[in-house]
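S.K.: Attaching a single structure in structure tokens format; questions to follow.
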Amino acid sequence: MPPSPSADAPERIPVSVAWSRTPFGRSDGVRGLFRHVRGDERAARAVAAAVARVGIDPRHVADLVLGTTQPRGELGGNVARAVALLAGLPASVGGVPVDRGDASGLEALLHAGRSIAAGVDEVQVAAGVDHLHHLPAASGADHHPRLVERSSRGTLSAGLVAEHLAASRGIPRARQEDHAAESHARALAASDEGIVAVDGHDPAGGLVEARADQGPRRDVSAATLAAFGPVFLPGSGTITAATGAPDADGAAAAVVMSAARAARLGAAARARRVAGTVAAVAPAAAGMAAAEAISRLLERTGLEPSAVDLYEIDETFAAVTLATIDQLRLDPARVNVHGGAVAIGHAPGATGLRMAMTLARALGERRLRRGVVAMGSSLGQGIALLVERCGPEDATR
């Protein structure tokens, strides 16, 4: 048998060659863009668009890895396999759902990259979807009573964990609101490259072609933000509906392959995965899980935080992003440059992939080299990926 390729051989280097996502719509029974559209249908549209953008024979795809946090109802069964079939991929393409809470979309991308780096497959699709209007995040959960022996009941509420983080880290409400306003402004200024138009419905129930995220607002000001009351700790809290990410319905997909296969197929690599890591902290410190994952990733790669050009960091709450910026002493101008979930909305199964897509686009637009995308997740887990922008000359570098 021929020797196996080394870890730095083109056959083992994962590169992303195409991205696609649907708009993110509000999880709202009256105004939500996708209140009458199934989640698996939107996931199939994102997957089909991503594969079509590569321009390769879909039979090259070996597997579809799909992140979702609500594997039931319309996203139940093996929804990954169902989405592959709905997307028109050949029957030879497998499918596997993965769930790492809020970071499920990023987990799908990490999973696909690991398969390629291990030499298991050469072409995979990583995707993510959630429909929090049809399948609310809190419904159906039945945590074991003994779980509180290792934490507390409060740690089962992401909002209370974020309130504790804001209080313990000295992040006042005004700073959170400034961050939220900047998130909306950046999201509105960003291009919509990669968004695939899908069917949705207007408030009157009429069929519309959805082409843009529903969340970012132009009327955000100090006055409008000040009008919101605390959500989780009425009277004493600092987190409001305006400084937390609204629930959203959305889907995203990426085609990932080895650099060697991309070269053979003539597929232009946009970003290559350099390293990825998973970290965990105590459930009560869940807001710092993304920071812990980034720290571990930088330690493994021997990089200083300043050596990374751009960061995409968990924005389920403004307080979480700000605490991560403070902990790692990051330049806020390099973080979430196209806005974050506070403006766009948070569809847990898809958000991590949406962030990775945004990061790849931002690196390309600015002709920068390195980026890190990181998310925290349920009960104190975190994922971080280090990527580098690719051109024809450096996909295999």
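S.K.: If you average the alpha carbon positions of the stretch 172-208 and of the stretch 59-138, how far apart do those two centres end up, in angstrom?
M.R.: 25
S.K.: Another question, if that's okay. Are there any GluC sites (Glu not before Pro) in the stretch 162-245 that are in a DSSP loop and have at most 12 other Cβ atoms within 10 Å? List them by number. Mind dumping the intermediate values first?
M.R.: On the way: sites: E163, E177, E182, E193, E209; in loops: E193.
Of the GluC sites (Glu not before Pro), the ones in loops of the stretch 162-245 whose Cβ has at most 12 other Cβ atoms within 10 Å are E193.
S.K.: Here's another thing I want to ask about it. Restricting to Cα pairs below 8 Å that are 6+ residues apart, what does the relative contact order work out to for the stretch 65-183? Please round to a whole percent. Spell out each step's value before the answer.
M.R.: Working: 107 pairs, mean separation 30.0, N = 119.
Taking the mean separation of contacting Cα pairs over the length of the stretch 65-183, I get 25 percent.
S.K.: Okay, next question. Please list, by residue number, every one of the trypsin sites (Lys or Arg not before Pro) in the stretch 195-243 that is coil in DSSP and has at most 11 other beta-carbon atoms within 10 Å. Mind showing how you got there, number by number?
M.R.: Working: sites: R211, R217, R218; in loops: R211, R217, R218.
Here the sparse-neighbourhood loop sites are R218.
S.K.: Between R217 and A275, what is the spin-label point distance in nm, taking each point 7 Å from the Cα along the Cα→C-beta axis?
M.R.: 4.1
S.K.: Please identify the trypsin sites (Lys or Arg not before Pro) of the stretch 294-355 that satisfy two criteria: DSSP loop assignment and at most 13 other Cβ atoms within 10 Å. Which are they?
M.R.: On the way: sites: R296, R300, R329, R334, R354; in loops: R329.
Loop-located and lightly packed - R329.
S.K.: On to the next question. Restricting everything to alpha-carbon atoms, can you work out Rg to Rh for the stretch 245-397 with a Kirkwood hydrodynamic radius? It would help to have the intermediate numbers written out before the result.
M.R.: On the way: Rg = 15.2 Å, Rh = 15.7 Å.
We get a ratio of 0.97 for the stretch 245-397.
S.K.: Using +1 at the Cβ of each Lys and Arg and -1 at the Cβ of each Asp and Glu in the stretch 14-156, identify which of V148, V125, A18 lies farthest towards the dipole's positive end.
M.R.: Positive-end residue among those listed: V148.
S.K.: Any idea of H143's accessible area? Nearest 10 Å², probe 1.4 Å.
M.R.: 90
S.K.: So how much accessible area does D57 have, in Å² to the nearest 10, using a 1.4 Å probe?
M.R.: 60
S.K.: Another question, if that's okay. Around A18, which amide H atoms from residues at least 5 apart in sequence, or from another chain, sit under 5 Å from its own amide H, with H modelled in the peptide plane?
M.R.: Long-range HN contacts for A18: V255.
S.K.: Counting each pair of different Cα atoms once, what's the Kirkwood radius of the chain in Å, rounded to one decimal?
M.R.: Working: mean 1/r = 0.0479 Å⁻¹.
20.9 Å is the Kirkwood radius here.
S.K.: Further question: Given a Förster radius of 22 Å and the C-beta distance between R175 and A282 as r, what FRET efficiency does 1/(1 + (r/R0)^6) yield to the nearest 0.05?
M.R.: So, using R0 = 22 Å, E works out to roughly 0.35.
S.K.: Can I ask one more? According to the square roots a ≥ b ≥ c of the eigenvalues of the Cα gyration tensor, what is the shape class of the stretch 276-334, taking rounded for a/c under 1.5, prolate for a/b larger than b/c otherwise, and oblate for the remainder?
M.R.: Details: a/c = 2.11, a/b = 1.15, b/c = 1.84.
Oblate is the answer for the stretch 276-334, as a/c is 1.5 or above yet b/c matches or exceeds a/b.
S.K.: Contour minus end-to-end for A333 and S157, with contour as 0.36 nm per residue of separation and end-to-end as the Cα-Cα distance?
M.R.: On the way: separation 176, 0.36 × 176 = 63.36 nm, distance 2.99 nm.
Full-extension gain reported as 60.4 nm.
S.K.: Calculate the spin-label point distance for D199 paired with A167, positioning each point 7 Å from the Cα along the beta-carbon direction, and give it in nanometres.
M.R.: It is 4.9 nm.
S.K.: Report Rg/Rh for the stretch 1-112, rounded to two decimals, where Rg is the Cα radius of gyration and Rh the Kirkwood radius.
M.R.: Numbers: Rg = 15.9 Å, Rh = 15.5 Å.
Taking Rh as the inverse mean 1/r over Cα pairs, Rg/Rh reads 1.03.
S.K.: Suppose we keep just the alpha-carbon trace of the stretch 308-397; what are its Rg and Dmax in angstrom?
M.R.: Both quantities, over Cα of the stretch 308-397: 13.1, 42 Å.
S.K.: Restricting to Cα pairs below 8 Å that are 6+ residues apart, what does the relative contact order work out to for the chain? Please round to a whole percent. Could you put the intermediate results ahead of the total?
M.R.: Values: 963 pairs, mean separation 107.5, N = 397.
Answer for the chain is 27 percent.
S.K.: In terms of modelled amide H atoms, which long-range or inter-chain residues lie less than 5 Å from the amide H of A248?
M.R.: S27, L132, H346, A347
S.K.: Next up: ³J(HN,Hα) across the stretch 177-187 via Karplus (A = 6.51, B = -1.76, C = 1.60, θ = phi - 60°), whole Hz, x for Gly/Pro?
M.R.: Ordered by residue, 3J(HN,Hα) equals 5, 4, 5, 4, 4, 5, 4, 5, 4, 5, 5 Hz.
S.K.: Using the heavy atoms of the protein chains alone and a 1.4 angstrom probe, what is the accessible area of the chain per residue in square angstrom?
M.R.: Working: 15920 Å² over 397 residues.
It amounts to 40 Å² per residue over the chain.
S.K.: Let me know the shape class of the stretch 91-236, please: from the alpha-carbon gyration tensor, a ≥ b ≥ c as square roots of the eigenvalues, rounded when a/c is under 1.5, otherwise prolate if a/b is greater than b/c, or oblate. Walk me through the numbers on the way to the answer.
M.R.: Values: a/c = 1.81, a/b = 1.19, b/c = 1.52.
Judged from the Cα gyration tensor, the stretch 91-236 comes out oblate (a/c at least 1.5, b/c at or above a/b).
S.K.: Over the stretch 42-98, what is the mean sequence separation of C-alpha contacts under 8 Å (at least six apart), divided by residue count, expressed as relative contact order in percent? Write down the numbers at each step before the final one.
M.R.: On the way: 72 pairs, mean separation 25.0, N = 57.
With pairs under 8 Å counted, the relative contact order is 44 percent.
S.K.: From the P(r) of the stretch 32-85, could you give the percentage of C-alpha pairs in the tail past 19 Å? The partial results should precede the final answer.
M.R.: Details: 440 of 1431 pairs.
That tail contains 31 percent of the Cα-Cα pairs.
S.K.: Here's a follow-up. Counting Lys and Arg as +1 and Asp and Glu as -1, what is the net charge of the other residues whose Cβ lies under 11 Å from the Cβ of A222?
M.R.: Details: positive: none; negative: E177, D178.
For residues surrounding A222, the net value is -2.
S.K.: Here's something else I'd like to know. So if I take the centroid of the Cα atoms in the stretch 350-371 and the same for the stretch 252-303, what is the distance between those two points in Å?
M.R.: 12
S.K.: May I ask for log10 I(q)/I(0) of the stretch 153-244 at q = 0.11, 0.18 Å⁻¹, from a Debye sum over the Cα atoms as equal point scatterers with solvent left out?
M.R.: So the normalised log intensities work out to -0.46, -0.90.
S.K.: At 7 Å along Cα-to-Cβ for each site, give me the label-to-label distance between R367 and R300 in nm.
M.R.: Computed distance between label sites R367 and R300 equals 3.2 nm.
S.K.: On to the next question. Please report, as a whole percent, how much of the solvent-accessible surface of the chain comes from carbon and sulfur atoms (probe radius 1.4 Å).
M.R.: Numbers: 8270 of 15920 Å².
Of all accessible area on the chain, carbon and sulfur atoms account for 52 percent.
The values are calculated or read from the model by the stated rules, or taken from the named source; none is laboratory data. Predicted model only: the values in this text are computed from it and were never measured. Cβ coordinates were reconstructed from backbone atoms using ideal geometry, including for glycine residues, and neighbour counts include every protein chain displayed. When the accessible area is computed, the model is the full protein with side chains, heavy atoms only, and any ligands, DNA or RNA have been set aside. Shrake-Rupley method; radii C 1.70, N 1.55, O 1.52, S 1.80 Å.
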